[in-house]
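The values are calculated or read from the model by the stated rules, or taken from the named source; none is laboratory data. The shown structure was predicted, so the numbers you read here are calculated from the model rather than taken from an experiment. Backbone-built Cβ (ideal geometry, glycine too); neighbour counts: all protein chains shown. Protein only, heavy atoms only, side chains kept; ligands, DNA and RNA dropped before computing areas. Shrake-Rupley method; radii C 1.70, N 1.55, O 1.52, S 1.80 Å.
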Amino acid sequence: MKPSNVLHLYRVRLRSRLLQECFAIAGIAAGVALLFASQVSSSSLQSSVAQLSRGIAGHATLQLLARGPQGFPASDLARVRQIPGVRIAAPLLEAGANAIGPRGSESVELVGADSSLSELGGTLVHDTALSPFGGIGAVVLPAPLSRTIGVSRFGQEVTLQLAGHTVQAPLYAQLHARQIGQLIASPVAIAPLSFAQEMTGLHARLSRILVQPRPGTETRVRAALTQLAAGRLNVESTAYDGTLFAKAAAASNQSSALFAMISALVGFLFAFNAMLLTVPQRRRLIADLRRDGYTARTVIAVLLLDAVILGAVACVLGLALGDELSIHLFHSDPAFLSLAFAVGSARVVSWQSVALAVGGGMLAAMVAVLSPLRDVLARDPLAAIAPRRRQQHAGSPARLALAGGVCLVAGTAIVLASPQLAILAMVPLVAALLLELPLALTATLALARRAAGAITSVVPHIAVMELEAAGGRALAVAATGAIAVFGSVAIQGAHGDLLAGLNEAAGEANAFTDVWVSPAGSYNLLSTASFVPTQQSRLEHVAGVRAVRVYRSGLLDFGERRALVIAPPRQATPLLPSGQLEQGNPVQASARVRAGGWLVISRAMAAEHHLRVGQAFTLPTPDPMRFRVAALSNNLGWAPGAIVMNASDYARAWGSSEASAFNILLDPGVTPARAVREIERALGPSSGLTVQTAARHAALQSALSRAALARLTQIATLILVVAVLAMAAAMGAMIWQRRPQLAKLKLEGIPRASLWHTMLLESLLLLAAGCLTGAVFGVYGQQMADRALASVIDFPVVHTVTAQSSLGSVALVIATATAILAIPGYLAASVPAALALQD
C-alpha cells in the first residue's frame, strides 16, 4: 500500500472516531505532562548547581578547598602557582550572606575573586570587573536579584549581613542574561577579592584555589596539590560540588522517580481506557485489510501510523502542558538546600527529560494501538471480528488474586532485604494492586447483586449486568482510580510521617536552651555561620539570664556528603537528641560525648565509611582529630547526614574559638518573650545578631522542612486531579457510546430517571471498588516508603497508618468523578427511544 493511500485511509478513519482519539490523546498527554514536569523539577536544582560551578570555574579542573569557614592562608596561592604544570591558579573567598535592599532580602553566596578568575573563562565572571573601582570596593549582582531587593542604580548601597555583623557595599553593575545566560538566576554577589576579605573580616584568607593544569599534567599537579594540602585541605575536581549536591538531593530525586512511575501509569491507563473505545473499529479495519489481501506487515504499518500520529500529537501537547506545570506548580524550591549550596531558581530543561517523557508517551501509544496485534498475526483473516467467547470464569479472579499475593510478598521481601530498592519494590506492589483488582470488583458486584434482591427498583440489576458485560473496559476504569488513590495515599502518608519526624527532631534539637542568639539572615537557619563571641559577657549581665553558653555548628565535606556538624556546649541538658539515636546506649553515649573525644554520626555516613559503635577514626576537619563513635543516629533532618560532638571538641577540630550561636538559659519565672526583648536591647540594633526563643527557632526549622517537602503534597494532589478527569472522561465516553442500548431499554419501558440512576450507580460501584482497593495498597505503600526514608535516606520518620486521609482521598475521588459524570449520564439517558430502531 502506498504511503499516500495509508494517509488517506487514516484521514477517513479519523473522521469516524475523532472523539475517541481525542480522549486517547488527552490521556497520553496527561501522562507525558506529569512525567516531564516531575523530571524537570528534580533535575533543575542539580543542573543549577553544576552550571554555577562551571560558570565560576571555567576551564579549571582541580581545586584546593578549605575545610572550614575560616579558610586558609592566602600565601598558599603563591605555592600553588609555583607547582610545575599549573597554567592558571585563581583564588576565591566565598561566604554565605543575606543581601538586603529597600524591597526585601535574599540569601546569596558572596564570591570574592581577582582578575585571574576571568582568565579561566567562566561565564559568570567573563564580563565582570574584579578589581576595585577607583580604589573603592563594590559588588556586582545578577539583574533579577537586584530587582528583588530593590538595588538597581550604580552606587546604590546593598546591606550584607555576614556572620554576626553588617556591612554596606555599593552596587557597581548588574549582570544580564545576554552576559551570563542561565546563570542569571544564580544567587550570587561578586566582589573584588580584597573587598570581600575586608567585608568578611577574613584578611589574607582564601576559601579555595581553582587550578587549570597544562595539558597532560593533571595527575602530577593533583599529586603536588595533595602534598601541599598536608591533610588540612581538600584536593578535589571542580565537579565536587555537584557530587555533594546529588547526595543531598537524593530524597527529592527518589520521590520524583516514584511520582514519575505513578504518573506514567495513570496517564497510560487514561489512554488505554480511551483506546478501548476504538478497539472494535480497529478490529473491523484489520479484518477488512486482511480480507482484501494485505499482508500482516502492511496491516501493522497502518496501525503504526495510527500510533505515531497519536503519540506525536499527544507528546507535543504533553510537553507544552508539562512545561506550564513545571513553571507554575512543580517549580523547584531550593530553600532548604540553599543553606549549604549556592542553588539558583533556574528551570533547566535537559534533553534527557524530554526524551524520557516522549519515549514514555510513544510507548503508551504503541501499546494502546497495537493491542489487537494477535488478530493481525492470526492465520484466519477474519479473526479480528470473529465471535469471542468470554475468557473469564469463576476461578479467574481467584487465580489473579493469588498471583497478586505473590507479587505483594515479592515487593515486601525486596524492601526487607534491601531497603535501598524500595522504589523498585513499588513495581511488584503496583502489579499486586492490579492483579487483586478483578477480585475486588467481582466482590463489589456480588454484594451489589445481593443487595439488589431486597430492592424493588430495576436500577441495581441493570447496573450490575452492564458492569459484568463491560468486562475489561470496566476493569480499566477501576484500575485508573486504584492507581491514582494508591499513589496519593502512599505519597501523602509518607509525607506526613516524614514531617512528624522532622518536627520531633527539631524539637529535640532545641531542648537544651531557652533562647538562641545567632547571626542574622535567612542563609543561617542551620546556625552554621561563625562569629567572634565578644558579646558573651554583656549577655551574662542581662536581667533574667541564668547562663550564656557557646554553641558551635558547621558544614563539613566528609567523603561525598556535606554533613551538618552540631556541637552543643558540654553542659547542655540533654546533650544528645536521644529520640533520634538508632544504635547505642543513649545514656552512655551522652556521657562519652560530654567527656570528649566521642561523637554521634548518622547511620548512612557510618555505613559508607564502615564505622561501628566504639570504633575510632580520623575526622577530616581543618585540624584532623581522632574520634570514637559513641552511637549511630538518623540524619537529624539534614539529608546528607549529621554529626554531633561537644562544642569544646569542635573548637579543637576546627582550630577556632568562634561561636555559631549563644545558648541562653533563663532564671525561673522569666518568660522567653520577655528575655528576647531584654537581650535585643542589650545587643543594640547594629549587632548583626538575631534573638529567637527556642520554640520560634524550632518552628522556623519545621517551616523550612515543610517548604522543602511541599512538592510531595503537590504531587499527590495532582495525581488525584488527573485521575478524576481520566475516569470521568473514560466513563463518560463509555456511557455516551451506550446510547443505542439505553434507547432499547427505553423501548422496554424503563424511564429516563431510572436510566440516569443506573449510570450513576455503575459509576459509584466502579469507583468504590477501584479507589478502596487503591487506598488499602496505598497504606501499605506508605509503610514501604517510610522504611525507605528511614533506612536508606536516614530521615527521622514517625510511622503511622493514615486511615483518615486515605478515606478522605477515596471520598474526594468518588464524589468529584460522580458529580462530573452526572451531566453526560443525564444527557445519555435523554436519548430518544427511536434511536433503537435505527440500523
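Annotation for GLN583 and ALA500: the two label points, set 7 Å from Cα along the Cα-Cβ direction, are 2.6 nm apart. Within the shell of other residues whose beta carbon sits under 12 angstrom from the beta carbon of ARG603, the net charge comes to -2, with Lys and Arg scored +1 and Asp and Glu -1. Placing a pseudo-label 7 Å from each Cα along the Cα-to-Cβ vector at THR534 and SER522 gives an inter-label distance of 3.0 nm. Note: relative contact order over the range 145-241, using C-alpha pairs below 8 Å and six or more positions apart, is 15 percent.
FRET efficiency for the ALA591 to ARG677 pair, using the beta carbon distance and R₀ = 60 Å, is estimated at 0.95.
Placing unit charges on the Cβ atoms of the charged side chains and taking the dipole of the chain about its Cα centre, the candidate lying farthest along the positive direction among ALA494, ALA695, PRO751 is PRO751. Entry note, the range 399-462: relative contact order of 35 percent, from Cα contacts under 8 Å with a spacing of 6+ residues. Maximal additional length on extending the ALA417-THR573 stretch stands at 52.4 nm, based on 0.36 nm per residue less the C-alpha distance. Calculate what fraction, in whole %, of the accessible area of the range 49-188 sits on carbon and sulfur atoms when a 1.4 Å probe is rolled over the protein chains. Roughly 51 percent, rounded to a whole number. Of THR573, THR159, THR816, the residue with the largest accessible area leads and the full order is THR573, THR816, THR159 (1.4 Å probe). Suppose we keep just the DSSP beta bridges with both residues in the chain; what percent of those would be antiparallel, to 5? If I count the DSSP bridges inside the chain, around 80 percent turn out antiparallel.
Computed over Cα pairs, the Kirkwood radius of the chain leads via Stokes-Einstein (0.890 mPa s, 25 °C) to a diffusion coefficient of 81 µm² per second.
Dipole size of the chain about its Cα centre, with +1 on Lys/Arg Cβ and -1 on Asp/Glu Cβ: approximately 1640 debye, rounded to the nearest 20. Taking every C-alpha pair closer than 8 Å and separated by at least 6 residues, the mean separation divided by the residue count of the chain gives a relative contact order of 17 percent.
Accessible surface for the chain, divided over its residues, is 41 Å² per residue with a 1.4 Å probe.
FRET efficiency for the pair TYR294 and CYS22, taken as 1/(1 + (r/R0)^6) with r the Cβ-Cβ distance and R0 = 25 Å, rounds to 0.35. Per-residue ellipticity at 222 nm computed for the chain from its helices equals -18500 deg cm²/dmol, with DSSP H segments shorter than 4 residues left out and the rest contributing -39,500 (n - 2.57). The order of the peptides 469-480, 214-225, 350-361 by mean Cβ neighbours within 10 Å, most packed first, is 469-480, 350-361, 214-225.
Taking the charge dipole of the chain about its Cα centre, with +1 at Lys and Arg Cβ atoms and -1 at Asp and Glu Cβ atoms, the residue from GLY361, GLY778, PRO740 reaching farthest to the positive side is PRO740. For the range 638-721, the dipole from Cβ point charges (+1 on Lys and Arg, -1 on Asp and Glu) about the Cα centre works out to 280 debye, to the nearest 20. Placing unit charges on the Cβ atoms of the charged side chains and taking the dipole of the chain about its Cα centre, the candidate lying farthest along the positive direction among THR818, PHE154, VAL139 is THR818.
Protein-only accessible surface at a 1.4 angstrom probe places the residues LEU689, LEU827 in the order LEU827, LEU689, largest first.
Each of GLU218 and GLN741 was given a label point 7 Å from its Cα along the Cα-to-Cβ line. The distance between the two points is 6.6 nm.
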